Amino acid sequence: MPDIFISDPKKEKQIAKEHSPKKKVAPKTKKTKKHKRPRYNLEKKAQGKLSSFSYLPKKVNFETREKDEKIILLLRRHPLTNISWIMVGLLMAAAPALLNIFSFPSFLPNEFGLIAVLGWYLITIAFLIENFLTWFFNVNIITDERIIDIDFYNLIYKQVSDTNIDKIQDVTYTMGGVARTLFNYGDVFVQTAAEVPNFDFLGVPKPDKVAKILQDLRVEEEIEKIEGRVR
Amino acid sequence: MTTVLPILGISVWLIAKVVVLFALVLYAIFAFVVLRQIQLMTDTLEVGFEGPIRLLGISHLIFSLVIFVLALIIL
């Protein structure tokens, strides 16, 4: 007599499956689209340490940077703006040789002549170093939260001003003159509602791109405000 | 080198030497200030180029000191 009470294990599993409480599936909701920063195809261009236009620079840091603050742009004056002091420096370097032709320091004893020439080269080197440092360290930085203007006026005076992106009221850029049009550099003027009313980025490369990036950052900041993601 | 001031009886070139050495001391102080300035600047902004710039400032200071010593010896 067959044992009718022994159930088939396969069927048992199937029944258990059918009667088991279904896993709660989370209702599908529309994913909120996070605002993406537009790409400008600038990442690969001019990322050197002496570059005057660095987009998303990697090794840059500054004194007042916050932990999660991302540097978008580092700007210096266009290298062409250095031509004047480089020319003066070269002339200064060539001056002792030129003066020697006219035997100018002939009234000096030889030792004094040598020290005078070496002293002149010291002054020339100091002139070149000072101008290079002024160019290299006078920068404008744009981060995802603020714009920063670092100015070194002379040996002992520096000024660092910054303002939040959302305080920017107006961005104007100008490009005029042959050299500026040929080599694509100009001035960007930023008006703000902050304590420092104007931020001037003078002689920076690609002023149109700078203005565009600033505009996009303002839009991004507005969206963050609406979404309540303000830092 | 034998020019002598009539009143004091001191060589003109000795006075010139003192003036030059004094100027070179002032210059060495200036070179030191430049080095300090470089340090302040690199503290304010780091771009991964601090080493060569510091080297530039140190070389400048050393160059000024070398010229001072040279002037002290040959003048």
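The values are calculated or read from the model by the stated rules, or taken from the named source; none is laboratory data. On a predicted model such as this, the values are computed, not experimentally measured, just so you know. Here the Cβ is made from the backbone with ideal geometry for all residues, glycine too, and neighbour counts use every protein chain on show.
Computed quantities for the displayed model
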read-out: Residue under evaluation A:I129, criteria (1) within 23 Å of A:Y55 (Cα to Cα); (2) surrounded by 15 or more Cβ atoms within 10 Å (Cβ to Cβ), criterion not met; value: (1)
read-out: Among residues of the range B:45-64, those that are crowded, with 16+ Cβ neighbours inside 10 Å and outside any strand (DSSP E or B), counted; value: 9
read-out: So A:Q191, is it in a strand (DSSP E or B) and free of Cβ contacts under 8 Å to residues at least 12 places away in the same chain; value: no
read-out: Any hit, the range A:156-164, residues being modelled with pLDDT of 90 or more and touching a Phe, Trp or Tyr at 6+ places or on another chain (Cβ under 6 Å); value: no
read-out: Filter result for the condition that a residue is over 23 Å from A:D68 (Cα atoms), away from chain B (no Cβ under 14 Å) and in contact (Cβ under 8 Å) with a residue 12 or more places away in the chain, over A:D216, A:D170, A:D151; value: A:D170
read-out: Qualifying residue in the range B:44-62 (condition: at the interface with another protein chain (Cβ under 7 Å from one of its Cβ atoms) and either in contact (Cβ under 8 Å) with a residue 40 or more places away in the chain or within 18 Å of A:Y121 (Cα to Cα) (or both)); value: yes
read-out: Verdict on A:E130 being within 10 Å of chain B (Cβ to nearest Cβ), in a helix (DSSP H, G or I) and in contact with a helix residue (DSSP H, G or I) (Cβ under 7 Å, 6 or more places away or on another chain); value: no
read-out: Filter result for A:V88 (hydrophobic (A, V, I, L, M, F, W, C), closer than 24 Å to B:G57 by Cβ and in contact with a Lys or Arg (Cβ under 6 Å, 6 or more places away or on another chain)); value: no
read-out: Within the range A:143-168, considering residues that are among the hydrophobic types (A, V, I, L, M, F, W, C) and more than 20 Å from A:R77 (Cβ to Cβ), the one surrounded by the fewest Cβ atoms within 10 Å (Cβ to Cβ); value: A:I156
read-out: Counted residues, the range B:14-37 - those being over 26 Å from A:L108 (Cβ atoms), more than 7 Å from chain A (Cβ to nearest Cβ) and not aromatic (F, W, Y); value: 2
